[in-house]
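Peer 1: Here it is, the structure, as structure tokens.
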Amino acid sequence: MVRDVVVYTVARLVLVVALTAVIYYSAQLIGIREFPLVVAVLFAIVIALPLGIWVLAPLRNRATASIALVDERRRQDREQLRARLRGDKPRD
């Protein structure tokens, strides 16, 4: 699970960095010599939010599925603990 979430997070960060570079150097190419890097980063974040939904959908789905799997295991463990605390016979 952790690997899938880390891969998805790193992919989102790489998307922001790539968009920042494209925006910053595009501004340089069209003649804006003093284009602030902070502005490029902010534009990249705004663009990367919706773009990441489509571009990174497979990674997001895999991370979500692995989180759901861990959540299901925790739910089962919690139910088994509650059953033992009630004095019920453990299920196999």
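The values are calculated or read from the model by the stated rules, or taken from the named source; none is laboratory data. Remember, predicted model here, so these are calculated numbers, not experimental data. Every residue, glycine among them, receives a Cβ derived from its backbone with ideal geometry; neighbour counts consider all protein chains shown.
Peer 1: State all residues of the stretch 29-50 that are surrounded by 13 or more Cβ atoms within 10 Å (Cβ to Cβ) and farther than 29 Å from residue 3 by Cα; if no residue qualifies, say none.
Peer 2: The answer is 35, 39, 40.
Peer 1: Right, next: Please tell me if residue 53 is modelled with pLDDT of 90 or more, exposed (fewer than 12 other Cβ atoms within 10 Å of the Cβ), of a type in the set (Val, Ile, Thr) and part of a helix (DSSP H, G or I). Full working, then the answer.
Peer 2: Numbers: modelled with pLDDT of 90 or more: yes; exposed (fewer than 12 other Cβ atoms within 10 Å of the Cβ): yes; of a type in the set (Val, Ile, Thr): yes; part of a helix (DSSP H, G or I): yes.
Considered against the rule, which asks whether it is modelled with pLDDT of 90 or more, exposed (fewer than 12 other Cβ atoms within 10 Å of the Cβ), of a type in the set (Val, Ile, Thr) and part of a helix (DSSP H, G or I), residue 53 comes out as yes.
Peer 1: I'd like to verify a number: residues in the stretch 1-38 that are outside any helix (DSSP H, G or I) and either under 26 Å from the mean Cα position of the chain (by Cα) or within 30 Å of residue 63 (Cβ to Cβ) (or both), how many? Walk me through how you get there before you give the answer.
Peer 2: So in the stretch 1-38, the residues outside any helix (DSSP H, G or I) come out as 1, 30-36.
Right, trim to either under 26 Å from the mean Cα position of the chain (by Cα) or within 30 Å of residue 63 (Cβ to Cβ) (or both) and you get 1.
The number of residues fulfilling the criteria is 1.
Peer 1: Going through 41, 70, 46 one at a time, which residue ends up being out of contact with any strand residue (DSSP E or B) (no Cβ under 7 Å at 6 or more places or on another chain), within 16 Å of residue 8 (Cβ to Cβ), in a helix (DSSP H, G or I) and aliphatic (A, V, I, L, M)?
Peer 2: Answer to the selection: 70.
Peer 1: Taking residue 75, is it in a helix (DSSP H, G or I), among the basic types (Lys, Arg) and at pLDDT below 90?
Peer 2: On the way: in a helix (DSSP H, G or I): yes; among the basic types (Lys, Arg): yes; at pLDDT below 90: no.
No, not satisfied.
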